[in-house]
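Here is the structure we will look at, set down as structure tokens.
The values are calculated or read from the model by the stated rules, or taken from the named source; none is laboratory data. Bear in mind the structure is a predicted one, so any value in this text is a computation, not a measurement. Cβ placement follows ideal geometry from the backbone for every residue including glycine, while neighbour counts extend to all protein chains displayed.
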């Protein structure tokens, strides 16, 4: 059985590199296109958002950023906007999964199958605890050091659809990020001949980059999350564990904040 040190070592790549020059060019172009319309563009926006925050006269720690904010004044129109965002995230994940299948990579090869739901659920719960609890501590440390904005997971108006939408948003976020950043990106980098460590580092840095709008704490925390999640996937090949863990972390953060904000002092 693998010990802790074994998880630090890169596993052998299960996918042979593509050698045909034309196919390699297509793979590079595919990566650029996917990132340009999904999380790569989000990283650019996030960097600009952090730059704007740093240029403000108000200290970074006194500024607030909302992860789920109202998009319209009329309630049902806002609901439609929120659901549209959920569909966009689902579409990003579907795009990554589709391109893998179109390229000859069956979804079961990246761990998107229903062969072990119980073990996947347990793994997701354990991974969520491993990342979520230290991540909360890192956030408070970053706030205390003045290098992170105050994160409001939700500023949506309290209404009948708020909690269901927050849960859907959490699940859509986890689906999009783990499919695109882990299953799609690492698989394609493997096909280009990247080592497991280099592909792991690349997706982790990109994951941190599109959280720059949260400040240094969000950047560092998500790099660590990317390293852990990516290595778990490289070792287990179970993407549902990552999707489930990420979803649990976001559900607790989004709904917990919505229910407790204004009622407990440490969320102010």
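The table for this structure:
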| item | result |
| --- | --- |
| Output for the range 32-52, where each listed residue is more than 16 Å from the chain's Cα centre (by Cα) and surrounded by 18 or more Cβ atoms within 10 Å (Cβ to Cβ) | 50 |
| Check on residue 79, out of contact with any strand residue (DSSP E or B) (no Cβ under 6 Å at 6 or more places or on another chain), modelled with pLDDT of 95 or more, more than 28 Å from residue 185 (Cα to Cα) and surrounded by 16 or more Cβ atoms within 10 Å (Cβ to Cβ) | yes |
| Residue in the range 124-145 that is part of a helix (DSSP H, G or I), at pLDDT 95 or above and within 30 Å of residue 30 (Cα to Cα) present | yes |
| Among residues of the range 194-253, those that are on the phi > 0 side of the Ramachandran plot and in a helix (DSSP H, G or I), counted | 0 |
| Sole exception among (1) within 30 Å of residue 193 (Cβ to Cβ); (2) within 23 Å of the chain's Cα centre (by Cα); (3) in a helix (DSSP H, G or I) for residue 84, by number | (1) |
| Verdict on residue 185 being closer than 28 Å to residue 53 by Cα and either at pLDDT 95 or above or assigned to a helix (DSSP H, G or I) (or both) | no |
| Options 226, 244, 217, 221; residue that is more than 21 Å from residue 141 (Cα to Cα) and in contact with a helix residue (DSSP H, G or I) (Cβ under 9 Å, 6 or more places away or on another chain) | 244 |
| Residue count, the range 99-121 (criterion: in a helix (DSSP H, G or I) and either loosely packed, with under 14 Cβ neighbours inside 10 Å or touching a helix residue (DSSP H, G or I) at 6+ places or on another chain (Cβ under 7 Å) (or both)) | 12 |
| Residue pairs meeting the criteria (Cβ under 7 Å; at least 6 apart or on separate chains; first surrounded by fewer than 17 Cβ atoms within 10 Å (Cβ to Cβ), in the range 122-149; second part of a loop (DSSP other than H, G, I, E, B)) | 146/59 |
| So residue 95, is it over 20 Å from residue 159 (Cβ atoms), modelled with pLDDT of 95 or more and in a helix (DSSP H, G or I) | yes |
| Total residues in the range 150-182, condition free of Cβ contacts under 8 Å to residues at least 24 places away in the same chain and part of a helix (DSSP H, G or I) | 1 |
| Residues that are closer than 21 Å to residue 145 by Cα, loosely packed, with under 15 Cβ neighbours inside 10 Å and touching a helix residue (DSSP H, G or I) at 6+ places or on another chain (Cβ under 8 Å), drawn from the range 64-73 | none |
| Residue within the range 237-246 that is crowded, with 19+ Cβ neighbours inside 10 Å, at pLDDT 95 or above and more than 14 Å from the chain's Cα centre (by Cα) present | yes |
| Identity of the residue in the range 190-206, closer than 18 Å to residue 40 by Cα and touching a residue at least 40 places away in the same chain (Cβ under 8 Å), that ends up surrounded by the most Cβ atoms within 10 Å (Cβ to Cβ) | 200 |
